[in-house]
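Each remark here refers to the structure printed beneath this line.
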Amino acid sequence: RTGDLGFVEHHYLYICGRIKDLIIVNGVNYYPQDIELSVQNVSQAIRPGCIAAFCSHEDSGDLEVVFEIRNGHGHGHVKDVASVVEQVKKEIVQNIGLIPSRIVAIKERSICKTTSGKIQRKATRKALHEDECQIVFEYRSSGSHSTIGMEDDSVIVEKPIPIATTEDTFDNIVMSFFGKDKSYTANSTWLELGMSSMTSVQLRDAISESFVILLEPDCFQIYSTPAEMKAFVLKGKG
């Protein structure tokens with residue numbers, strides 16, 4: 001046995017998952033891919049392919065769901081995140097027939113993945129249970145093995161992430177990329193600093209994650225110098 005799940009249709013074998021990833025609640029099997037796809041379709045605030053559904057324990061237990069929330073819906077938009085979490089809960093209840101024991105929105109680009117980009121469900125569960133997830137907002141049900149028809153006494157847990165807001169933080173991020181260049185000044189254009197396409201992606205991600213702000217792919221064209229970008233970022237956090 002390989003541990004793979006699959007089915008045969010029209011004489012073709014299709015591999016669709018792993019036995020170890022099955023979610024077993026009250027003796028009923030649920031496929032994490034079905035739950036994750038349902039969650040992904042709830043809102044554009046949820047990052048596609050950045051969702052993990054799993055049992056609270058190794059073999060069985062309650063359903064737990066972790067998903068990444070886009071930066072624009074993070075700190076300072078707690079009500080928006082709470083609304084997304086509530087929509088996720090309703091989607092799972094209506095389409096899957098389960099009441100999750102936990103629904104956790106975490107910081108963008110923080111879910112556990114393999115080097116090839118596949119979600120690591122067990123690693124995500126371990127990180128969640130050991131308080132290593134960068135939680136933005138969390139829903140918890142006080143019941144256990146919750147299915148449709150059972151009472152749902154729930155609590156909401158808000159865990160804002162410490163957000164960078166200082167000029168020094170911004171300067172340190174930019175200097176880590178260009179500070180070794182003796183010609184660096186805050187009024188130099190990104191082109192003059194020799195920014196490559198790879199550097200632009202890395203720098204944009206670093207600023208976005210530190211300040212929890214959504215930066216568009218063309219942000220370095222709109223704000224063509226470090227000084228202009230800093231003014232925009234700090235204004236957005238003011």
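Values for this structure:
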| item | result |
| --- | --- |
| Residues of region 207-231 satisfying the condition of being crowded, with 16+ Cβ neighbours inside 10 Å and of a type in the set (A, V, I, L, M, F, W, C) | ILE207, PHE211, VAL212, ILE213, LEU215, CYS219, PHE220, MET229 |
| Count - residues of region 117-156 that are farther than 17 Å from TYR30 by Cβ and either among the β-branched types (Val, Ile, Thr) or at pLDDT 85 or above (or both) | 21 |
| Members of region 164-197 found to be of a type outside the set (S, T, N, Q) and at pLDDT below 80, listed by number | ALA164, GLU167, ASP168, PHE177, PHE178, GLY179, LYS180, ASP181, LYS182, TYR184 |
| Any pair with Cβ under 9 angstrom, 6 or more apart, that starts in region 91-120 at a residue that is at positive phi and ends at one that is part of a loop (DSSP other than H, G, I, E, B) | GLY97/ILE148 |
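The values are calculated or read from the model by the stated rules, or taken from the named source; none is laboratory data. Bear in mind that the values here come from a model prediction, so they are computed numbers and not experimental data. Note that we place each Cβ from the backbone using ideal geometry, even for glycine, and neighbour counts take in every protein chain shown.
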